[in-house]
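FYI, it's all coordinate maths here, none of it is from the lab. In this text the structure is predicted, and so the values were computed from the model without any measurement. Note that each Cβ is placed from the backbone with ideal geometry, even for glycine, and that neighbours are counted across all protein chains shown.
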Amino acid sequence: MKEKLLVIVGPTAVGKTELSIEIAIRFQGEIISGDSMQVYKGMDIGTAKIRPEEMKGIPHYFIDEYEPDYFFTVAEFQQRAIQKITEINQRGHLPIIVGGTGLYIKSVTHHYRFSKDSMNKTYRHQLQEWLKIHGKEALHKRLEEVDPESAKKLHVNDTKRVIRALEVYHTTGKTMSEILKEQQIQTPYHLLMIGLTMDRKKLYDRINRRVDLMVQQGLVEEVQRLLKKGYDETLNSMQGIGYKEIILYLKGKVTLEEAIEMIKQATRRFAKRQLSWFRNMPGIHWFDLTNNTLEEKEKITQKISEWLAGKNLLRKE
């Protein structure tokens, strides 16, 4: 029998974390973070990382596992997540991947093969040094020239994945897009996927309020602490939304108000890209959270629970 797997996706700030906890409680779930940034220690406010008291006793994985100078790749995420899914199934529990990093999630649900032949650490280091000299826009332009399809999917600020796509092309002679198209389209799991969506204006309002809250909670101070520890702006982790903008403020290049607005704009654009990515993934069952009053959220949670119970995953207690 295929191993069971539930995936909950959607744009940032839509409400994935809260709903995933409720589903995990009802279906004996354990949660695997599918967010590429929450794996880093000390990067809590800017990543909207779940706090221990919010977990309600549900096991969570791939949160606070590495220092910010660690290069966490999609290939490593895939390998470790596949192993964790097996372990959770063997315990008789339901593995639930929750997140918004589309490639991370699809690498697991469809077992993309990341061969060692596509890895070249020397060339990767050369690109990282080239980036410091020429900048992220020039780096993204290099990707546009060899793999325009991947370049469209990757934001100019996502330098880690831009470098990875260039590394794949340099090492294999094939673009990342070509390699992904060659991969199997059938999932090896008894897989169910839930997508959460919301009216765009309301989602953007939630994003703006979340950014304001992050600043109130001490985002500037968090970035200052990371910089004092020696984690500088050249690290992939420090290029994350919220961190690079605050660094610009701390360096005196923009005002705090300008940095906050830059974070809001970048996050809104990121949410739009997330929705586009997930809309192109087949098999996702979508639920609209636009009306997110307490009563309506309880109705949606119950509706999702009934849908899952009828899909032969794990029955509710």
- In cubic angstrom, how much convex hull volume per residue do the alpha carbon atoms of segment 168-255 span? 224 Å³
- Message: For segment 83-235, what are Rg and Dmax over the alpha carbons, in angstrom?
- Response: 19.1, 52
- Query: Given C-alpha coordinates of segment 150-202, what is the ratio Rg to Rh with the Kirkwood estimate of Rh?
  - Reply: 1.12
- Note to self: C-alpha centroids of segment 1-64 and segment 96-149 sit apart, in Å, by 24 Å
- Simple spin-label model, 7 Å along Cα-to-Cβ: residue 288 to residue 171 in nm? 4.4 nm
- Spin-label model distance (nm) - residue 138 vs residue 66, 7 Å beyond Cα toward Cβ: 2.7 nm
- Query: Expressed as a rounded percentage, what relative contact order does the chain have, with Cα pairs under 8 Å and six or more residues apart?
  - Reply: 28 percent
- Note on the structure: Here the Cα Rg-to-2.2 N^0.38 Å ratio for segment 116-182 is 1.01
- Is the chain rounded, prolate or oblate when judged by the Cα gyration tensor, a ≥ b ≥ c being the square roots of its eigenvalues, rounded requiring a/c under 1.5 and prolate requiring a/b larger than b/c? oblate
- Calculate for the chain the 222 nm mean residue ellipticity that helices alone would give, adding -39,500 (n - 2.57) per DSSP H run of length 4 or more and normalising by residue count, nearest 500 deg cm²/dmol. -16500 deg cm²/dmol
- Message: Roughly how far apart, in whole Å, are the Cα centres of segment 282-297 and segment 205-225?
- Response: 26 Å
